[in-house]
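Here's the structure, in structure tokens; my notes come after.
Bear in mind that the values in this text are calculations on the coordinates, not laboratory data. Everything numeric in this text was worked out from a predicted model, so none of it was measured. In this analysis, Cβ positions are derived from the backbone assuming ideal geometry, glycine residues included, and neighbour counts consider all displayed protein chains.
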Amino acid sequence: MDLREKILTYIEKNSRVDLKDLAVMLGVQEAVVANEMAAMEQEHIICGYHTLVDWEKTSIEKVNALIEVRVTPQRGRGFDSVAERVYNYPEVNAVYLISGGYDLLVTLEGKTLREVAQFVSDKLSTLDSVLSTKTNFILKKYKDHGTVIAKPQDDERMLVSL
Amino acid sequence: MRNPLSERIVDIPFSGIRKFFDIAAEMKDVISLGVGEPDFDTPWHIRDEGIYSLEKGRTAYTSNAGLKELKMEIAKYLERRFQVSYDYDREMMITVGGSEAIDMALRAMLDPGDEVLIPQPSYVSYMPCTVLANGRPVIINLKEENDFRLTAQELEEAITPKTKILVLPFPNNPTGAIMERKDLEAVAKVVIEHDLYVISDEIYAELTYLDNHVTIASLPGMRERTVLINGFSKAYSMTGWRLGYACAPAEILEQMLKIHQYAIMCAPTTSQYAAVEAVRNGDADVKEMREEYNGRRRYLVKRLRDMGLSCFEPYGAFYAFPCIKKFNMSSDEFATRMLQEEKVVVVPGTAFGDCGEGFLRISYAYSLHKLKEALDRMEGFVEKL
């Protein structure tokens with residue numbers, strides 16, 4: 001693994017790691033890690049630093065949906081322009097081009113069911129190139145971004161062993 | 001009533017960590033850096049195979065030596081990783097952890113009065129197992145100035161006409177020391193000269209952070225005089241599955257297998273099926289865990305040195321072995337006080353032999369977060385001294 005891969009592998013799981021500690025763990029100078037990260041931000045390899053929140057545990061209501069969208073690709077631009085139309089809506093979390101039975105997978109976040117439904121019927125379905133949509137509401141998140149949402153297990157090892 | 005106990009057994013002391021375990025178990029908010037097992041769960045695909053084997057009703061004994069499928073995979077693995085080849089049918093057996101293999105090897109090879117050279121500090125079972133096998137343990141005290149490696153000279157000096165076996169415990173628990181090829185070559189020369197046998201406990205082989213681990217069995221003239229012991233506990237985070245293996249010349253293995261047959265029957269069947277998956281498809285997991293350990297290792301050693309403790313570079317296992325002699329306290333005293341005052345558990349070096357006096361075993365089988373918190377406390381303790 002080269003240094004970039006090592007940095008990315010680490011911070012993908014824990015972006016809050018102290019750069020000084022990360023440098024020690026990778027066996028390089030802190031400045032080297034800092035420079036490499038700055039360069040990767042510049043090159044947009046590192047696209048952001050986010051926090052994984054379990055909103056269920058708060059009193060704030062959120063509704064998430066996965067929407068399967070079939071679209072007509074446009075001459076010369078394929079799916080890019082319709083994808084752009086879709087991802088520009090701030091309520092859209094993610095847009096993926098998908099192989100298989102439909103074309104775009106859109107993930108949405110809204111405050112209520114009605115809000116999400118309204119977005120789909122008013123905004124998404126009415127786009128010229130959108131042929132059909134199928135909305136799947138997320139009922140429960142078990143694991144997200146490689147992290148199990150439930151409380152992590154306690155260390156069950158004996159306190160001392162040889 | 002007659003005394004129900006065997007004198008020989010009563011004479012064997014209990015291990016030195018009991019006291020720490022008892023104190024720590026009574027305290028709240030203790031952070032332990034005292035364990036000798038990985039913090040990772042067994043990778044899911046391996047657990048899944050164990051579950052699957054249970055679902056299929058594979059709950060009977062396997063053959064005494066272990067599943068053929070598993071032994072064949074291990075043979076391929078040893079060839080692939082350590083360039084040493086064994087006949088899975090005649091030169092290999094699956095055991096209940098590496099620990100059983102140590103016991104079987106000593107019992108199969110020792111006659112009363114035979115001497116066994118045991119380098120220390122090292123894992124605690126070699127000495128009692130030697131005594132139980134009627135052998136005589138002879139300790140070689142390893143030195144910090146040699147990075148706790150065994151030198152040819154140290155070996156030479158300990159050999160008597162009665163010496164039969166050298167135990168080679170590298171990568172080492174508790175020191176984290178390794179033996180590189182050149183070190184092993186020097187030792188092998190002496191071993192061959194004096195016609196000794198080697199029990200090479202390589203349970204930490206996959207956790208080596210310098211170059212790839214070298215097994216002494218791969219050196220010229222050594223395969224025929226080596227019992228190679230390895231297992232699944234450390235490499236694949238499978239301690240609770242209790243599964244290891246031994247490879248040896250057929251003549252030795254046959255006798256080990258005989259004891260195993262009478263005393264154990266066979267290693268746990270579920271574990272063996274899970275282990276097939278581990279050794280067949282687990283290389284990537286091992287690599288990932290090794291990377292993670294290596295990062296923590298660098299972090300731990302740096303923190304210890306920043307506290308002013310001298311700590312040689314431990315290139316294997318998941319322990320650092322810092323020296324605390326400058327505080328004019330015994331290892332036991334240091335560890336006891338640190339537990340009482342800062343609620344951090346470490347194991348005194350003396351638990352692994354008298355020459356561990358003045359050292360502590362600190363495990364980095366903990367998340368960085370845990371490690372950091374424990375080391376912050378330890379730093380506070382050291383500053384007070």
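List of remarks:
- Other protein chain C-beta atoms within 10 Å of residue C-beta, averaged over B:302-309: 1.
- Stokes-Einstein diffusion of the stretch A:3-42 at 25 °C, 0.890 mPa s viscosity, Kirkwood radius from Cα pairs, rounded to a whole number: 248 µm²/s.
- The stretch A:55-141: relative contact order in percent, alpha carbon pairs under 8 Å with at least 6 residues between: 42 percent
- The stretch A:55-141: Lys pairs at Cα distance under 19 angstrom, eight or more positions apart or on different chains: 10
- Measuring between alpha carbons in the structure, the pairs from B:Lys143/B:Lys384; B:Lys189/B:Lys234; B:Lys162/B:Lys189 lying more than 25 angstrom apart are B:Lys143/B:Lys384; B:Lys189/B:Lys234.
- Helix-derived mean residue ellipticity, 222 nm - over chain B, DSSP H n ≥ 4, -39500 (n - 2.57), to 500: -13000 deg cm²/dmol
- Quotient of the Cα radius of gyration of chain B and 2.2 N^0.38 Å, N being its number of residues: 0.98.
- When each of the peptides B:45-56, B:68-79 is scored by the mean number of other C-beta atoms lying within 10 Å of its residues, the order from highest to lowest reads B:68-79, B:45-56.
- If a spin label sat at a point 7 angstrom from the Cα of B:Phe40 along the line to its beta carbon, the backbone N atoms of the stretch B:167-209 nearer than 13 Å would be those of B:206-208.
- HN-Hα J in Hz across the stretch A:82-96 - Karplus 6.51, -1.76, 1.60, θ = phi - 60°, x for Gly and Pro: 5, 4, 5, 3, 6, 6, 6, 5, x, 6, 7, 8, 8, 9, 10
- With the simple model of a label 7 Å out from the Cα in the direction of the Cβ, B:Asp87 to B:Asn281 spans 3.2 nm.
- Projecting the Cα atoms of B:Met329, A:Leu113, B:Tyr299 onto the charge dipole of the protein assembly as shown (Cβ charges, centred on the Cα centre) puts A:Leu113 farthest toward the positive pole.
- Residue (of B:Thr175, B:Met222, B:Leu54) at the positive-pole extreme of chain B, dipole from beta-carbon charges: B:Leu54
- Segment B:Ile192-B:Ile9, length gained on full extension (0.36 nm per residue, minus Cα span): 62.5 nm
- Axis of helix B:181-193 versus longest Cα principal axis of chain B: the two differ by about 60°, to the nearest ten degrees.
- Cα-centre dipole for the protein assembly as shown with unit charges at Cβ (Lys and Arg positive, Asp and Glu negative), debye to 20: 840 debye
- Gap separating the Cα centres of the stretch B:90-120 and the stretch B:184-222, nearest whole Å: 16 Å
- Karplus-derived 3J(HN,Hα) values for the stretch A:147-162, using 6.51 cos²θ - 1.76 cosθ + 1.60 with θ = phi - 60°, are 10, 6, 6, 4, 4, x, 5, 6, 6, 9, 6, 5, 5, 9, 8, 9 Hz; glycine and proline are entered as x.
- Protection proxy ranking, peptides B:112-123, A:4-15, B:170-181, average beta carbon neighbours within 10 Å, highest first: B:170-181, B:112-123, A:4-15
- Note on A:14-27: average number of Cβ atoms from other chains within 10 Å of each residue's Cβ is 4.
- Projected label distance in nm at A:His145 and B:Glu313, using a 7 Å step from Cα toward the beta-carbon: 3.6 nm
- Sorting B:351-362, A:83-94 by their mean Cβ neighbour count within 10 Å, with the most densely packed peptide first, gives B:351-362, A:83-94.
- Estimated 222 nm signal from helices in chain A, with DSSP H stretches of n ≥ 4 weighted -39500 (n - 2.57), rounded to 500: -8000 deg cm²/dmol
- Globularity index of the stretch B:95-157, i.e. its alpha-carbon radius of gyration over 2.2 N^0.38 Å: 1.19
- 20 Å binning of all Cα-Cα separations within the protein assembly as shown, expressed as whole percents from 0 upward: 18, 45, 26, 10, 1
- Prolate/oblate/rounded call for the stretch B:60-281, Cα gyration tensor, a/c under 1.5 rounded: prolate
- Cα-based helix-to-principal-axis angle, A:3-13 vs chain A, degrees rounded to 10: 70 degrees
- Relative contact order of chain B, pairs being alpha-carbon contacts under 8 Å that are 6 or more residues apart, as %: 24 percent
- Residues with amide H under 5 Å from that of B:Leu360, placed H, sequence gap 5 or more: B:Ile324, B:Gly349
- HN-Hα J in Hz across the stretch B:88-99 - Karplus 6.51, -1.76, 1.60, θ = phi - 60°, x for Gly and Pro: 4, 7, 10, 10, 9, 9, 8, 10, 7, x, x, 4
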